[in-house]
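Working notes for the structure below.
Since every read-out is calculated from the coordinates, none of them should be taken as a lab result. Quantities reported herein were computed from a predicted structural model and do not represent experimental measurements. Cβ placement follows ideal geometry from the backbone for every residue including glycine, while neighbour counts extend to all protein chains displayed.
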Amino acid sequence: MTLHCEQTSFTHLADRFGTPLYVYSKAALTEAFHAYTDAFDKLEPLVCYAVKANGNLSILKHFASLGSGFDIVSGGELVRVLAAGGDAGKTIFSGVGKSEAEIEFALNAGVLCFNVESLPELDRIQAVAGRLGKTAPVSLRINPDVDAKTHPYISTGLKSNKFGIAYADALDAYRYAAGLGRLKIVGIDCHIGSQLTDLSPLVEACERTLKLVDTLAAEGIVLEHIDLGGGVGIVYDDEEVPDLPSYAHAVAELMGGRKLKLVLEPGRSLVGNAGTLLTRVEFVKQGEEKNFVIVDAAMNDLMRPALYGAFHRIEAVESKDIAPFTADVVGPICETGDFLAKERVLACEAGDLLAVRSAGAYSSSMASNYNARNRAAEVLVDGSEVKLIRQRETIEQQLANETACL
Ligand SMILES: *Cc1c(COP(=O)(O)O)cnc(C)c1O
């Protein structure tokens, strides 16, 4: 048996494009997007795909064609959205450290709003808008202080995190923003973390944020939208993840009859399980205490295991009649942290292909050139059709910006 992406075999893809290779299923992207729009249909949400999960132009273009907006965290991501034909008017600019140049670029492009994370950022946006003779749409990112119960590196809604404006300071921050002449207050935002496997923190964050909406309305600050931040967690292994219809139902109940547009910023759950990292076994090494399957993909292609201790399922592309054994799956990079998986039972030998699953999100977008490795190619599969959506980087491209001077 051979593993496939839609109607295309991974063996064929590896032969044609080489490895390591990121492979995405177009149907899975579409299905993940519609899972949100279907679940939340009564609220007619604006789904703003979080570009940082995977910013490939073809993926952005596909989401734009489905009607998606975008959540960006840098000027570079805005360039990507525009290059892919995305609508700036449906794009939200998030992030704690927006530069003046980025604010100017986004304001000129006409983004839907800035999700503002601090008072100094409000001042900076006010100054840039004043200089350009424009009015800047802003929404404040409030830190609802709920524990997302996810990995500390991807938990963002606690008091101790760098993100957002403290819940207790929110009212004053809105009053301050309302006094700045170049700002138009349009919304409120919260994003408590990523890979959430429990619904209750999301619901609690929504509830606390809505409470602020009402308090603000009583002061005459009437908002147009509420943005509930990133999406739900995905299944990497055997975790239970929140059910979108239940999430949507809970949000609809809480929203009641309020005239508020709903914005969502899912990233991982739109692309994560649509992607596979295809890699070839270089060697099987029997160590003294452990076995190692050494593959041609490494932590520079998939940083999540090294960064968060994340789990990715790994399967042999061709099932073979050889004795399974337990091994760590590691890359060629000179770091002990360079592993894709630990203690897996695999039946494979040198030359075989392995499929590293759930590699659509925070994988290619986090890739680096560590050990002077070229970043891998990416392909988009649509049935039996395949498009190369990013060429494999070359060593010449890596060297192009450097000079060997004395
Ligand atoms: C990362 C991020 C997201 C996307 O989170 P996912 O868990 O990938 O859905 C959304 N909004 C903001 C502000 C983010 O930083």
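One table, with the values for the structure above:
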| read-out | value |
| --- | --- |
| Point-to-point label distance, D238-E253, nm (Cα→Cβ direction, 7 Å offset) | 3.0 nm |
| Contact order relative to length of the chain, as percent, for alpha carbon pairs under 8 angstrom and 6 or more apart | 19 percent |
| HN-Hα J in Hz across the range 354-362 - Karplus 6.51, -1.76, 1.60, θ = phi - 60°, x for Gly and Pro | 10, 9, 9, 7, 6, 9, x, 10, 6 |
| Relative contact order %, the range 26-268, counting alpha carbon pairs below 8 Å whose residues are six or more apart | 19 percent |
| Which listed pairs, of K52/K387; K42/K387; K149/K259; K211/K261, have C-alpha distances above 24 Å, in listed order | K42/K387; K149/K259 |
| Other-chain or far-sequence residues with amide H under 5 Å of N54's (modelled H) | Y362 |
| FRET efficiency estimate (nearest 0.05) - Cβ-Cβ, V222 to S319, R0 56 angstrom | 0.40 |
| Under Karplus coefficients 6.51, -1.76 and 1.60, residue-wise ³J(HN,Hα) of the range 296-310 in Hz, glycine/proline x | 8, 9, 8, 4, 6, 8, 9, 8, 4, x, 5, 6, 10, x, 6 |
| Gyration tensor (alpha-carbon) shape descriptor, the chain, a/c threshold 1.5 | prolate |
| DSSP-defined antiparallel bridges as percent of all bridges, the chain, nearest 5 | 45 percent |
| Vicinal HN-Hα couplings computed from phi for the range 367-379 (Karplus, 6.51 cos²θ - 1.76 cosθ + 1.60; Hz; Gly/Pro x) | 5, 9, 9, 3, 6, 6, 8, 6, 5, 6, 6, 10, 10 |
| Under 14 Å, Cβ to Cβ, from D214 - net charge with Lys/Arg +1 and Asp/Glu -1 | +2 |
| Top positive-direction residue, dipole computed over the range 282-338 with Cβ charges, set F292, Y308, F325 | Y308 |
| Footprinting exposure proxy for F311, F325, F17 (fewest neighbouring C-beta atoms within 10 Å first) | F325, F311, F17 |
| Estimated FRET transfer efficiency (T135, A101; beta-carbon r; R0 25 Å; 0.05) | 0.85 |
| Cα→Cβ-extended label distance, 7 Å offset, between A347 and Y370, nm | 3.4 nm |
| Gaussian network model of the chain, springs between alpha carbon atoms under 10 Å - residue of K259, K342, K61 with greatest fluctuation | K259 |
| Highest-MSF residue in the chain out of G55, G220, G275 [GNM, Cα springs under 10 Å] | G220 |
| Extension gain (nm, one decimal) between L57 and R16, 0.36 nm per residue minus Cα-Cα | 12.6 nm |
| Antiparallel DSSP beta bridges within the range 26-268, percent to nearest 5 | 5 percent |
| Rounded, prolate or oblate (a/c below 1.5 giving rounded, otherwise prolate when a/b exceeds b/c) for the range 288-406 by Cα gyration tensor | oblate |
| Other-chain or far-sequence residues with amide H under 5 Å of A341's (modelled H) | V329 |
| The range 26-268: C-alpha gyration tensor shape, a/c 1.5 cut-off, then a/b vs b/c | oblate |
| Listed residues A178, A35, A218, most fluctuating in the chain (Gaussian network, C-alpha, under 10 Å) | A218 |
